[in-house]
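Notes to accompany the following structure.
The values are calculated or read from the model by the stated rules, or taken from the named source; none is laboratory data. Everything numeric here is computed off the predicted structure, so don't read it as measured data. Glycine gets a Cβ as well: all are built from the backbone with ideal geometry, and neighbour counts include every protein chain shown. Side chains are part of the model used for accessible areas, which takes the heavy atoms of the whole protein and leaves out ligands, DNA and RNA. Shrake-Rupley method; radii C 1.70, N 1.55, O 1.52, S 1.80 Å.
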Amino acid sequence: MSQEHRFKSGFETRAIHAGYDPDPTTGAVIPPIYATSTYKQDGVGGLRGGYEYSRSGNPTRTALEGALAALEEGERAFAFASGLAAEDTVLRSLTRPGDHVVIPDDAYGGTFRLIDKVAGPWGIENSPAAVSDLDSVRAAIRPGRTKLVWIETPTNPLLNIGDIEALAGIAHDAGALLVVDNTFASPYLQQPLTLGADLVVHSTTKYVGGHSDVVGGAVVVRDLAVAEAIGFHQNAMGAVPGPFDCFLTHRGLKTLGVRMDRHCDNAELVVEFLVNHPQVAEVIYPGLAEHPGHAVASRQMKRYGGIISFRVTGGEEHALEVCARAEVFTLGESLGGVESLIEHPGRMTHASVAGTDLEVPGDLIRLSVGIETAEDLVADLERALEPGRE
Ligand SMILES: *Cc1c(COP(=O)(O)O)cnc(C)c1O
């Protein structure tokens, strides 16, 4: 099957076959871990397959990048050492001092820190806007200066939904590009480039890798000129992943479809349990009809994902207790792995925004629902929510 044909096949087929053909010399079905920094040249400049030095290119990375491009339906994909390295490369490729970027008013904390605290002092200004409110994004744009409209959907931890198609229109009307951080949905649930976005960024640390064993990032683009800028900066800045990291990420990517379906199945069962629990004040999940982004999410996502946030009736103290009592749900940051995680955003992932407009409620708990047996997850939460258990 040609790579060309693979690009047009179903998601799972692309996840398993795109980006790599069995090795012509050995028949190896899986891309070898090319632990090499340099490549023998057949005479000066006689590169084999274009490889000259592993910052510029490595076959294990090429295979991963090919698969990512096929899954996001992009022209090219670029792998990075972390999600933030991918984001930094986008910023430095596409903005210059004096430019302006619109960012989510509830952006992932590391993204906010990078854009505000790192890019800011280099002359890139930013304005926060609510991704779920088109007027707020429109109002944040500075005509002529805004180069990027940067969104996440769903956002973290409040799972707000941005309308990718509408936001692409708003960005393009202003002469800006739309960047979508697709980490939470993964390409299985949502392909922003097909809805008009110009760039997709990922923390492949999360669902794409999926096993909590590797940190990585990716940028996928639609347009060749943008691809050229990102490719130049990937090599010039050098924040590339090593071949073993690429191998792990690619290995995880192959099962993304089946994992995401189980994440979603389990999340739906956990949501059903939580909405009926007397100790739960509110459940935040885009799959619920009462979620304000439900209609948009239904339009642009295949399913609603594996992240659930909820508020308990007993205040912050109770939320902290629930986090501490859970056993199958591991208390920890990050998300998107096969194992279920529980965390208290106010004291953990979002502690740095305490006291600002982005502060999250103290009674809020975030779950990354894993792919364990659903009944065990529900039983664990039932036990953890029981008041006065200690
Ligand atoms: C984790 C995360 C990032 C940052 O990625 P790293 O791989 O940790 O550098 C960016 N965006 C979102 C939505 C994330 O969850």
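Conditions (1) among the β-branched types (Val, Ile, Thr); (2) more than 16 Å from the ligand (Cβ to nearest atom); (3) open to solvent by 10 Å² or more (accessible area, probe 1.4 Å); (4) not assigned by TED's automatic domain parsing to the domain that holds Glu343, marked per residue:
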{"site": "Leu134", "(1), (2), (3), (4)": "no, yes, yes, yes"}
{"site": "Ile141", "(1), (2), (3), (4)": "yes, yes, yes, yes"}
{"site": "Gly144", "(1), (2), (3), (4)": "no, yes, yes, yes"}
{"site": "Lys147", "(1), (2), (3), (4)": "no, yes, yes, yes"}
{"site": "Asn156", "(1), (2), (3), (4)": "no, no, no, yes"}
{"site": "Asn160", "(1), (2), (3), (4)": "no, no, yes, yes"}
{"site": "Asp163", "(1), (2), (3), (4)": "no, yes, yes, yes"}
{"site": "Ala168", "(1), (2), (3), (4)": "no, yes, no, yes"}
{"site": "Asp173", "(1), (2), (3), (4)": "no, yes, yes, yes"}
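Just to verify a result, which residue in the range 319-347, among those that are within 13 Å of the ligand (Cβ to nearest atom) and within 18 Å of Phe112 (Cα to Cα), is surrounded by the fewest Cβ atoms within 10 Å (Cβ to Cβ)?
Among those that are within 13 Å of the ligand (Cβ to nearest atom) and within 18 Å of Phe112 (Cα to Cα), it is Glu333.
Taking the stated definitions as given, is Glu290 surrounded by fewer than 16 Cβ atoms within 10 Å (Cβ to Cβ) and either within 17 Å of the chain's Cα centre (by Cα) or in the same structural domain as Leu195 (by TED's automatic domain parsing) (or both)?
On the way: surrounded by fewer than 16 Cβ atoms within 10 Å (Cβ to Cβ): yes; either within 17 Å of the chain's Cα centre (by Cα) or in the same structural domain as Leu195 (by TED's automatic domain parsing) (or both): no.
Here the answer is no, as Glu290 does not meet what is asked.
Working only within the range 207-233, note down all residues that are within 16 Å of the ligand (Cβ to nearest atom) and surrounded by fewer than 24 Cβ atoms within 10 Å (Cβ to Cβ).
Applying the first criterion (within 16 Å of the ligand (Cβ to nearest atom)) to the range 207-233 yields 207-220.
Those that are within 16 Å of the ligand (Cβ to nearest atom) and surrounded by fewer than 24 Cβ atoms within 10 Å (Cβ to Cβ): His211, Ser212, Asp213, Val214, Val215.
Among residues belonging to the range 293-317 that are in contact with a helix residue (DSSP H, G or I) (Cβ under 7 Å, 6 or more places away or on another chain) and under 18 Å from Thr183 (Cα atoms), point out the one that is surrounded by the fewest Cβ atoms within 10 Å (Cβ to Cβ).
Step one: list which residues in the range 293-317 are in contact with a helix residue (DSSP H, G or I) (Cβ under 7 Å, 6 or more places away or on another chain), which gives 300-306, 308, 310, 312.
Adding the requirement that they be under 18 Å from Thr183 (Cα atoms) leaves 300-306, 308.
Working: Gln300: 20, Met301: 23, Lys302: 17, Arg303: 20, Tyr304: 25, Gly305: 28, Gly306: 30, Ile308: 25.
Among those that are in contact with a helix residue (DSSP H, G or I) (Cβ under 7 Å, 6 or more places away or on another chain) and under 18 Å from Thr183 (Cα atoms), it is Lys302.
(1) in contact (Cβ under 8 Å) with a residue 40 or more places away in the chain; (2) buried (at least 20 other Cβ atoms within 10 Å of the Cβ): which one isn't true of Val283, the others all being true?
(1)
Just the residues that are in a helix (DSSP H, G or I) and within 16 Å of the ligand (Cβ to nearest atom), please, taken from the range 180-203.
Taking the range 180-203 first, the residues in a helix (DSSP H, G or I) are 186-189, 192-195.
Hits for the range 180-203 are Ser186, Pro187, Tyr188, Leu189, Pro192.
Can you go through Thr255, Thr249 and tell me which one is open to solvent by 50 Å² or more (accessible area, probe 1.4 Å) and either at pLDDT 95 or above or touching a helix residue (DSSP H, G or I) at 6+ places or on another chain (Cβ under 8 Å) (or both)?
Details: Thr249 fails: open to solvent by 50 Å² or more (accessible area, probe 1.4 Å).
Just a single option satisfies the conditions, and that option is Thr255.
Looking at the range 225-232, can you tell me whether even one residue there is farther than 18 Å from Glu87 by Cα and in contact with a Lys or Arg (Cβ under 7 Å, 6 or more places away or on another chain)?
Within the range 225-232 (the criterion being farther than 18 Å from Glu87 by Cα and in contact with a Lys or Arg (Cβ under 7 Å, 6 or more places away or on another chain)), the answer is no, since none of the residues qualifies.
Which of the residues belonging to the range 114-140 are more than 19 Å from Pro97 (Cβ to Cβ) and either assigned to a loop (DSSP other than H, G, I, E, B) or among the hydroxyl-bearing types (Ser, Thr, Tyr) (or both)? Please lay out each step first, then the result.
Let us first name the residues in the range 114-140 that are more than 19 Å from Pro97 (Cβ to Cβ), namely 128-140.
Residues satisfying the conditions are Ala130, Val131, Ser132, Asp133, Ser136.
So, in the range 348-357, of the ones that are touching an Asp or Glu at 6+ places or on another chain (Cβ under 8 Å) and open to solvent by 50 Å² or more (accessible area, probe 1.4 Å), which residue ends up nearest to Asp105 (Cα to Cα)? Spell out the reasoning first.
Start the filter on the range 348-357 by keeping residues that are touching an Asp or Glu at 6+ places or on another chain (Cβ under 8 Å), which leaves 348-350, 353, 357.
When the remaining residues are screened for being open to solvent by 50 Å² or more (accessible area, probe 1.4 Å), the result is 348, 357.
Numbers: Met348: 18, Asp357: 8 Å.
So the residue we want is Asp357.
Given the conditions (1) within 11 Å of the ligand (Cβ to nearest atom); (2) within 16 Å of Phe78 (Cβ to Cβ); (3) open to solvent by 20 Å² or more (accessible area, probe 1.4 Å), which single one is not true for Leu177?
Failed condition: (1).
Given the conditions (1) free of Cβ contacts under 8 Å to residues at least 40 places away in the same chain; (2) in contact with a Phe, Trp or Tyr (Cβ under 7 Å, 6 or more places away or on another chain), and given that Leu256 satisfies all but one, which numbered condition is not satisfied?
(1)
Filter the helices (runs of 4 or more DSSP H) completely within the range 1-95 down to those with at least 3 residues that are within 19 Å of Thr249 (Cβ to Cβ), in the same structural domain as His233 (by TED's automatic domain parsing) and open to solvent by less than 50 Å² (accessible area, probe 1.4 Å).
Values: elements: 3-8, 11-17, 59-72, 83-94.
The helices (runs of 4 or more DSSP H) meeting that bar are 11-17, 59-72, 83-94.
If we scan the range 104-116, do we find a residue that is buried (at least 21 other Cβ atoms within 10 Å of the Cβ) and aromatic (Phe, Trp, Tyr)?
Scanning the range 104-116, I find at least one residue that is buried (at least 21 other Cβ atoms within 10 Å of the Cβ) and aromatic (Phe, Trp, Tyr), so the answer is yes.
Could you tell me whether any residue of the range 180-193 is closer than 26 Å to Lys8 by Cβ, small (Gly, Ala, Ser) and open to solvent by less than 20 Å² (accessible area, probe 1.4 Å)?
The answer is yes, given that some residue of the range 180-193 is closer than 26 Å to Lys8 by Cβ, small (Gly, Ala, Ser) and open to solvent by less than 20 Å² (accessible area, probe 1.4 Å).
Can you tell which of Ser54, Ser82 is within 16 Å of the ligand (Cβ to nearest atom), in contact (Cβ under 8 Å) with a residue 60 or more places away in the chain and more than 22 Å from Asp223 (Cβ to Cβ)? It would help to see each step written out before you state the result.
Numbers: Ser54 fails: within 16 Å of the ligand (Cβ to nearest atom).
It is Ser82.
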